Amino acid sequence: MNSKADAKNTQAKRTSEVVNNFEPARLAAPFFLRCGALLIDYIIFVLGPVAMLILGRYFGTDGTKLITGSLNDTGWLIAVLAGGANFILLPLFSGQSLGKLITGLRIVRTDGRQASAVRIALRQTVGYTATVLTLGLGFLLAAFNGSGRTLHDLLFGTVVVFADRKYK
């Protein structure tokens, strides 16, 4: 009886620590789920400026005063700080932005191990810049290639997978 419990515990430990035969193409996050995560990240980014513009309208500011006013500047400052934290700091520590966290996705290396902080920092800065410079075509790669990887994933050896499993 005790050996059955030990076997169950051993099996549970093994499956939560490592994924055997890691295949990025099989475990990669679907394109539209990644789009959903990106949309959530974008909404978080624009919340500050939109909230400040609405607040400015509520207080009666209109026209060019609204756009050039201090509330608008505050909104963009909030957006830059929240965006930096969401796009760079959170992935550095957890491998996930808020959008990826909500949709259950995580950034890992192509061999399934946790991506290093340097790799994620480069992916999130240089990689996203390259993707933006291609006018989004770098992101669309995930829809058309078999591995589900975007330009920034290809450049820095990462893949976005479902986060409910642990990868080594």
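Structural remarks
- Convex hull volume per residue for region 93-168, taking Cα atoms only, in Å³: 87
- Under conditions of 20 °C and 1.002 mPa s, region 72-131 yields 175 µm² s⁻¹ as its translational diffusion coefficient, taking Rh as the Kirkwood radius over Cα pairs in the Stokes-Einstein equation.
- Counting charges near Gly157 (Lys, Arg +1; Asp, Glu -1) among other residues having Cβ under 13 Å from its Cβ returns a value of +3.
- Note that region 112-123 has calculated 3J(HN,Hα) couplings of x, 6, 5, 6, 6, 4, 5, 4, 5, 4, 5, 4 Hz, one per residue in order, obtained from phi through the Karplus relation 6.51 cos²θ - 1.76 cosθ + 1.60 (θ = phi - 60°); glycine and proline are x.
- Cα-based Kirkwood hydrodynamic radius, region 27-162, one decimal, Å: 15.9
- Backbone N under 11 Å from the Val126 label point (7 Å along Cα→Cβ), restricted to region 68-89: none
- Calculated from backbone phi, Karplus (6.51, -1.76, 1.60) coupling profile of region 124-136 in Hz, x at Gly/Pro: 6, 9, 5, x, 5, 4, 4, 5, 5, 5, 8, 6, x
- In order along region 98-110, the Karplus-derived 3J(HN,Hα) couplings, from 6.51 cos²θ - 1.76 cosθ + 1.60 at θ = phi - 60°, round to 4, x, 5, 4, 5, 8, x, 10, 8, 8, 9, 6, 5 Hz, and Gly and Pro are given as x.
We did not get these values from a lab; they are worked out from the coordinates using the rules stated. Just so it is clear, the structure is predicted and the values come from calculations on it, not from any experiment. Glycine also receives a Cβ, built like all others from the backbone with ideal geometry; neighbour counts cover every protein chain displayed.
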